[in-house]
Amino acid sequence: QVQLVESGGGLVQAGGSLRLSCAASGRNFRNYGMGWFRQAPGKEREVVEGIRWSGGRSYYAESVKGRFTISRDNAANTVYLYMNSLKPEDTAVYYCPADYENRWNDPSRVDYWGQGTQVTVSS
């Protein structure tokens, strides 16, 4: 079992920055691929970034290219999402999933999910 708790969301003006954190507990965190998804009101959950257990990036969405960066600290059991140049369309609930096989193209098969943290970007 892996438990995931996101933090760091909030209200920010367009052009601003935020850092999201996802603290993991449970066994074998470092064996899992980690990611960030987001879900805006009325829209489907979409993958934003993914990172392998080794630290290599497994995915990023074109909409965040050059603005968002994922990283992980296996010693601290934490994964981060650095978000810069935020836009109003980035407003969403951001979720942190863990999956042994990095199955970000099929969220229904992802092993574990956090509860999410709200990010709101004002124009």
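Using C-alpha pairs under 8 Å with a sequence gap of at least 6, the mean separation divided by the residue count of the chain gives a relative contact order of 35 percent.
Across the range 75-123, Cα-Cα pairs more than 16 Å apart make up 54 percent of the total.
Here the chain has 44 percent of its accessible surface on carbon and sulfur atoms, given a 1.4 Å probe and all protein chains in place. Radius of gyration (Cα atoms) of the range 44-106, expressed as a multiple of 2.2 N^0.38 Å: 1.11. Here the label points at Arg30 and Asp106, each 7 Å from Cα along the C-beta direction, are separated by 2.9 nm in the simple model. Of the residues Ala98, Ala40, Ala24, the one that moves most in a GNM of the chain with alpha-carbon contacts below 10 Å is Ala40. Size of the chain: Rg and Dmax of its alpha carbons, in Å, are 13.3, 41. Spin-label model, Ser122 to Ala75: label points 7 Å out along the Cα-to-beta-carbon direction sit 3.9 nm apart.
Taking θ as phi - 60°, what are the ³J(HN,Hα) couplings along the range 4-18 by the Karplus curve (6.51, -1.76, 1.60), each to the nearest whole Hz, with x for Gly and Pro? These are the phi-based 3J(HN,Hα) values: 10, 10, 8, 7, x, x, x, 9, 9, 7, 4, x, x, 10, 9 Hz. Per residue, the accessible area of the range 1-97 comes to 51 Å² when a 1.4 Å probe rolls over the protein heavy atoms.
The charge dipole of the chain, taken about the Cα centre with unit charges on the Cβ atoms of Lys, Arg (+1) and Asp, Glu (-1), comes to about 200 debye, rounded to the nearest 20.
The values are calculated or read from the model by the stated rules, or taken from the named source; none is laboratory data. Predicted, not measured: the structure shown is a model, and the values here were computed from it. When we count neighbours, we look across all protein chains shown, and the Cβ atoms used for this are built from the backbone with ideal geometry, even at glycine. The area values use the complete protein model at the heavy-atom level, side chains included, leaving out ligands, DNA and RNA. Shrake-Rupley method; radii C 1.70, N 1.55, O 1.52, S 1.80 Å.
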